[in-house]
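Below: one structure, written as structure tokens.
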Amino acid sequence: MHFIEIVFLAVGLSMDSLAVSVAGGAVMRRCTAGNILKIAGVLGLFQAGMTAIGYGAGLGFKKYICAYDHWIAFLLLFYLGAKMIYESYRKEDDDCSFNPLKMKTLTGLGIATSIDALAVGISLAILNALLLLDVSVIGAVTFLFSASGVFFGNRFGNRINLRIELISGLILIGIGTKILIEHTLLS
């Protein structure tokens, strides 16, 4: 994968974290730099960590699926993208209130928003991607998007309705399609 593709992949993966961060910022009464760093740090670490775990798992059974690796990567990314697009059209529960600064809540949010990264990590292992670079970019992009999301959410709350999950779903499907085309038509 080229660096720009990794960045786009990281952007797509970080959209769940961004959405959670915007919501967290919207419910916070006091938005300090420490609070922003705490939320963004946890979400970035989970995103990077789950990618690394998925990568390790993918290496374990890579030799058994080499002939179909591009199809597996495509199907995983397509599924994740389609799931995100579907979720972007579901009506969200407005009555949900939570404290985004509690470590228990943050851990749950970190796991929930990084499940997709686990599947992407498997795909990256199959594609012989550079683990350290990919994990670093995914973690850094998620951190930056999450920090921006907390700040943005705190400043503007629910005044603006962005289709973040829709955009990220389209990005993931696009990357999966590109991988499939490269491995089937161009090789």
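The values are calculated or read from the model by the stated rules, or taken from the named source; none is laboratory data. From a predicted model like this one, the values you see are computed outputs, not experimental measurements. Cβ atoms come from the backbone with ideal geometry, glycine included; neighbour counts cover every protein chain shown. Calculation scope for accessible area: heavy atoms of the full protein, side chains included, ligands and nucleic acids excluded. Shrake-Rupley method; radii C 1.70, N 1.55, O 1.52, S 1.80 Å.
List pairs: first residue in the range 24-39 and more than 20 Å from residue 112 (Cβ to Cβ), second residue open to solvent by 70 Å² or more (accessible area, probe 1.4 Å) and of a type in the set (Val, Ile, Thr) anywhere in the structure, Cβ distance under 6 angstrom, at least six positions apart or on different chains.
none
Output the residues belonging to the range 159-187 that are surrounded by 16 or more Cβ atoms within 10 Å (Cβ to Cβ), modelled with pLDDT under 70 and under 19 Å from residue 71 (Cβ atoms).
If the condition is that a residue be surrounded by 16 or more Cβ atoms within 10 Å (Cβ to Cβ), modelled with pLDDT under 70 and under 19 Å from residue 71 (Cβ atoms), then 172 is the only one that fits.
Suppose the filter is of a type in the set (A, V, I, L, M, F, W, C), at pLDDT below 80 and open to solvent by 50 Å² or more (accessible area, probe 1.4 Å); does residue 3 pass it?
no
Could you check the range 56-105 and list, in sequence order, the residues that are of a type in the set (Lys, Arg), surrounded by 11 or more Cβ atoms within 10 Å (Cβ to Cβ) and at pLDDT below 75?
Across the range 56-105, the qualifying residue is only 62.
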